[in-house]
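First comes the structure, then the notes that go with it.
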């Protein structure tokens, strides 16, 4: 029996802007090709933007989400060959565990703007996408962690976490996404119709990787000091990634190819971070997220 109580609530995002002016060029910008990368919380960086109301709905992935998921996961391996279509099919087929977010009021309401799911690595070990993800990570893993990474890809109780969002989706969506996923994992271990399916969600570890930025020469700001002189500053794209990183068993990171370093951002490097997280730390991460983003 599929778990009842799947969270399909709304996460409203409001952005109040000055009312003195309304630049006509703002309306024209909604037809621009870069609309997909506009702030979904209602601001595109122009101080004269009008207020935009966006409701974020948390839903089960369905067949209608295929093309939106494929767009979200298109650059999952930073341009490396990747069988994204079979992964999208697997996310949709896994009815009881996994969530997409749809933005009601911000463009194409049919496409998801975020997805969070998990796959049992051993169950999916023969799929093209798991083989490609494994090769991608192993080629970037330092020698001293190769054995540990290999163990993660051969263990029966390791879940591979899939977590992708469009640029600038409000960080407040992190807590309900994480809450929903791990609630569903817990329900699946009890409610799936067969023992084999129930056991497939009994994860002891989670393997994941994410995007972040490293500032090799951060400037000290008022009231904020670096831990040690000369230590790079890490800027996480998603708030939960920082909490998972703080509690992980092990991790490694690598630099992504530069797009183009310009001016005052030349010291900020796009990075990728791979980490293995013990299931026992998940409740602590959930609590930190709820404290950082308390429910309204």
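None of the figures in this text is laboratory data; all of them are computed from the coordinates on show. What you are looking at is a predicted structure, and each value in this text was computed from that prediction instead of being measured. Glycine also receives a Cβ, built like all others from the backbone with ideal geometry; neighbour counts cover every protein chain displayed.
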Would you kindly state how much longer the chain becomes between residue 292 and residue 190 on full extension, computed as 0.36 nm times their sequence separation minus their alpha carbon distance, in nm to one decimal? 33.7 nm
Relative contact order %, the range 82-134, counting alpha carbon pairs below 8 Å whose residues are six or more apart: 40
Overall form of the range 64-209 per C-alpha gyration tensor (a/c, 1.5; a/b vs b/c): oblate
Using Cβ contacts closer than 10 Å as the measure, can you line up 136, 206, 213 from fewest to most? 213, 136, 206
What translational D, rounded to a whole number of µm²/s, comes out for the range 129-190 from Stokes-Einstein when the hydrodynamic radius is the Kirkwood one over Cα pairs, at 4 °C and 1.567 mPa s? 90
